[in-house]
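The structure appears below as structure tokens.
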């Protein structure tokens, strides 16, 4: 093939025709009415499209109208070269060579060889192709068949060719009685050259000689030359005659450039080639990362031959830091630090019962708040919430508390989100437990100017002096005879009796009764009475007895009651706060509705302390009870 195209290039030939075996084509014959040749060609193209329904492209389709009479019906011939089902086969030709090549169907050449009363046969056993043409009463008959050699070899092949000849003879209109004779006469002209067999009528030589204008010397000297070249000579006659369109088939449509993607798809559409590519790709994908890692390690070792241990240590450090920051990103809370922050934010007087910590929901504190000497329980809760917001660790604290009871004790809870759990807050020394403990806050530090022992001695001396002064004021005679004071144990009882009578008689016991009630509840009096063994308690009892003996009021009815009267006579800071509690003024309904919940609770606590005073008259107590109930009703309405 290469030598052929080299010869073509030397001669600058622009047209090369290649014979297409009959087994590769499909032949269809049709009848066309007498019309203008262009109309008959258009009608033949429409019939071809209807037969193949677009499965065969136009470059692989050959159309021809056979010659005949002007008024008679004409025969149309359609030769199709279908695309193989496995895809277009490669021809082995370059793009330049494909432009020069035109494909000539063998069936088109058989039109010229169809002469006389015998069929013309061209068969090739290697490709299994059989081409037969014959003229009969019904016109030209063409037959393209594919025959296989089979297991019987040449016998089966000859049988298949004989069957194809018999069908062609019948289609040409030969009588059945003459069919065997015609087949025998045809086989008598058989010529075999390699795998190719031809059966041509002797009159074919004269027909070809009349159609060719070229004289060949070999044809004059060799009688077998015509049989060897008859099909190719007939193809040349068709290519140069009125049926030249039948000899212009192309493998690829002219003007359509095949893209690289199409070429790639066609190239790797073969299963074996595609399998090899898949195996190579899998090997690359599986081994490339390993090879790349090995090359990278080799380069690092080459650049740092003595720093491998340092590199590994740095890598481990980086991994540890990444792990550390990953843990911090999961909102892990430093629980001990947060508990320390809460302790520094909790004022004295608050007892925490429950603490809940969550990285997403924040902190929740629940406890009890107790009123101090001059600070309400509500104010302690509000102060704790403010301290938490000021620390920077928490924000937007939400305190909630119920109305306190009569003792100034209430339950509360505080919720706040944790915004900066690792922040190091700076607390003042008065709230920082790391700088001053509870004992140091209450009693001072050991390195103060006055030691704890001196302070305790000074406090004891002051208390003894105060008790002595109280005894002197209560009983002047006790100062003249200090030894007589403890020898009068019955004086308090007598004084109590006389005091009760005197109080009943003149009604002057109101002041004495009020003074005894201010001292605090009975439990405070009982604790004070149990401590009568001390010097201060003895002095107070003596004072009470003297007061009862003179009959100054009902305070002398019980020594313990007298000792508990007054702000500083027992009961501690709570008794002092109760004795100093003021009676709140009355208020209007408009003023009450203008108060917030916290303001109303604070006012309710003031009225609660005022109600516990025992020196109130009936009208004031009635007004306090009414205002107290009004505040309670208002708090219930806004809850």
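Taking the numbered list (1) closer than 25 Å to residue 143 by Cβ; (2) surrounded by fewer than 17 Cβ atoms within 10 Å (Cβ to Cβ); (3) in contact (Cβ under 8 Å) with a residue 12 or more places away in the chain in turn, residue 50 passes all entries but (3).
Taken together, the residues in the range 586-603 that are outside any helix (DSSP H, G or I) and within 16 Å of residue 378 (Cα to Cα) amount to 2. Within the range 604-623, the set of residues being out of contact with any helix residue (DSSP H, G or I) (no Cβ under 6 Å at 6 or more places or on another chain) and either on the phi > 0 side of the Ramachandran plot or part of a helix (DSSP H, G or I) (or both) comprises 605, 606, 608, 609, 618, 619, 620, 621, 622, 623.
Just one of 369, 397 is crowded, with 18+ Cβ neighbours inside 10 Å, under 26 Å from residue 608 (Cα atoms) and not assigned by TED's automatic domain parsing to the domain that holds residue 601; which is it? If you could, list the steps in order and put the result at the bottom.
Details: 397 fails: under 26 Å from residue 608 (Cα atoms).
After applying the criteria, what remains is 369.
Please verify whether residue 45 is surrounded by 11 or more Cβ atoms within 10 Å (Cβ to Cβ) and either at pLDDT below 85 or touching a helix residue (DSSP H, G or I) at 6+ places or on another chain (Cβ under 8 Å) (or both), treating the condition exactly as stated. Taking the combined requirement at face value, the residue does not satisfy it.
For the range 389-428, the tally of residues that are within 28 Å of residue 605 (Cβ to Cβ) and in contact with a strand residue (DSSP E or B) (Cβ under 9 Å, 6 or more places away or on another chain) stands at 21. With respect to being outside the structural domain of residue 79 (by TED's automatic domain parsing) and over 27 Å from residue 120 (Cβ atoms), residue 8 fits the description.
Given the residues 318, 352, 290, 284, which is the only one that is at pLDDT 90 or above and more than 39 Å from the chain's Cα centre (by Cα)?
Working: 318 fails: more than 39 Å from the chain's Cα centre (by Cα); 290 fails: more than 39 Å from the chain's Cα centre (by Cα); 284 fails: more than 39 Å from the chain's Cα centre (by Cα).
Answer to the selection: 352.
Is it the case that residue 21 is farther than 29 Å from residue 147 by Cβ and modelled with pLDDT of 80 or more? So residue 21 does not fit the description; no. Among the residues of the range 243-266, is there at least one that is at pLDDT below 80, assigned to a helix (DSSP H, G or I) and more than 60 Å from the chain's Cα centre (by Cα)? No. Listed by first and then second residue, the pairs linking a residue in the range 209-237 that is in the same structural domain as residue 103 (by TED's automatic domain parsing) and modelled with pLDDT under 75 to a residue that is surrounded by 14 or more Cβ atoms within 10 Å (Cβ to Cβ) and part of a helix (DSSP H, G or I), with Cβ atoms under 6 Å apart and 6 or more places separating them unless they lie on different chains, are 218/225; 219/225.
Pick from the range 91-148 the residues that are under 60 Å from the mean Cα position of the chain (by Cα) and surrounded by 15 or more Cβ atoms within 10 Å (Cβ to Cβ): which of them is nearest to residue 208 (Cα to Cα)? Selected residue: 97.
Of the residues screened, residue 332 is one that is within 39 Å of the chain's Cα centre (by Cα), surrounded by fewer than 14 Cβ atoms within 10 Å (Cβ to Cβ) and in a loop (DSSP other than H, G, I, E, B).
Which of the residues that make up the range 408-422 are touching a helix residue (DSSP H, G or I) at 6+ places or on another chain (Cβ under 8 Å) and either surrounded by fewer than 17 Cβ atoms within 10 Å (Cβ to Cβ) or not in a loop (DSSP other than H, G, I, E, B) (or both)? Listed by number, the residues that qualify are 409, 410, 412, 414, 416, 418, 422.
The values are calculated or read from the model by the stated rules, or taken from the named source; none is laboratory data. This structure is a prediction, so every number in the text was calculated from the model and none was measured. Cβ atoms come from the backbone with ideal geometry, glycine included; neighbour counts cover every protein chain shown.
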